[in-house]
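Asker: One structure, pasted below without further comment.
What follows draws every value from the coordinates through simple rules; no lab data is involved. These figures come from a predicted structure and were not determined experimentally. Virtual Cβ from ideal backbone geometry, glycine too; neighbours counted across all protein chains shown.
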Amino acid sequence: MYQKGELVRSLRGRDKDGLLAIVDEEENAVWLADGKRRRLGSPKRKNKRHIQPAGTVLPVTAMTTDRALRRAIRQLAECGTAREKSAPDT
């Protein structure tokens, strides 16, 4: 269902509303990293019911180091924020 490098938003827990990338997938859980609080070397295990797909898959190069992962997530978060600000209120 999910793939490695896919960005998801956390719905529950201390990392609620944060963007994280999927590192690995199990039957009922995924392993997530953001490059800062959760490094690629020690990803966070999270129940699949507690995440929501963000609709973006990171390139393989963004998943090589924690620094590259942080940069990719930051760039995508800034683009999303800019789009939200420019969208008219209805």
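Asker: Lysine pairs in the chain with alpha-carbon atoms under 20 Å apart, 8 or more places apart or on different chains: how many are there?
Answerer: 10
Asker: How do Lys16, Lys36 line up, fewest other C-beta atoms within 10 Å first?
Answerer: Numbers: Lys16 10, Lys36 13.
Arranged by neighbour count, lowest to highest, Lys16, Lys36 become Lys16, Lys36.
Asker: Using a cut-off of 9 Å between beta-carbons, work out the net charge of the residues near Ile22 (Lys and Arg +1, Asp and Glu -1, Ile22 not included). Numbers along the way, then the final one.
Answerer: On the way: positive: Lys4; negative: Glu6, Asp24, Glu25.
Charge balance near Ile22 sits at -2.
Asker: What dipole magnitude, in Debye to the nearest 20, does the chain give about its Cα centre under +1 on Lys/Arg Cβ and -1 on Asp/Glu Cβ?
Answerer: So the magnitude is around 400 debye.
Asker: Here is a follow-up. May I ask for the angle, rounded to the nearest 10°, between helix 66-86 and the longest principal axis of the chain, with both axes built from Cα atoms and the value confined to 0 to 90°?
Answerer: 30
Asker: Suppose we look only past 16 Å in the calculated P(r) of the stretch 6-86. What percent of the Cα-Cα pairs does that tail hold?
Answerer: The share of Cα pairs beyond 16 Å in the stretch 6-86 comes to 46 percent.
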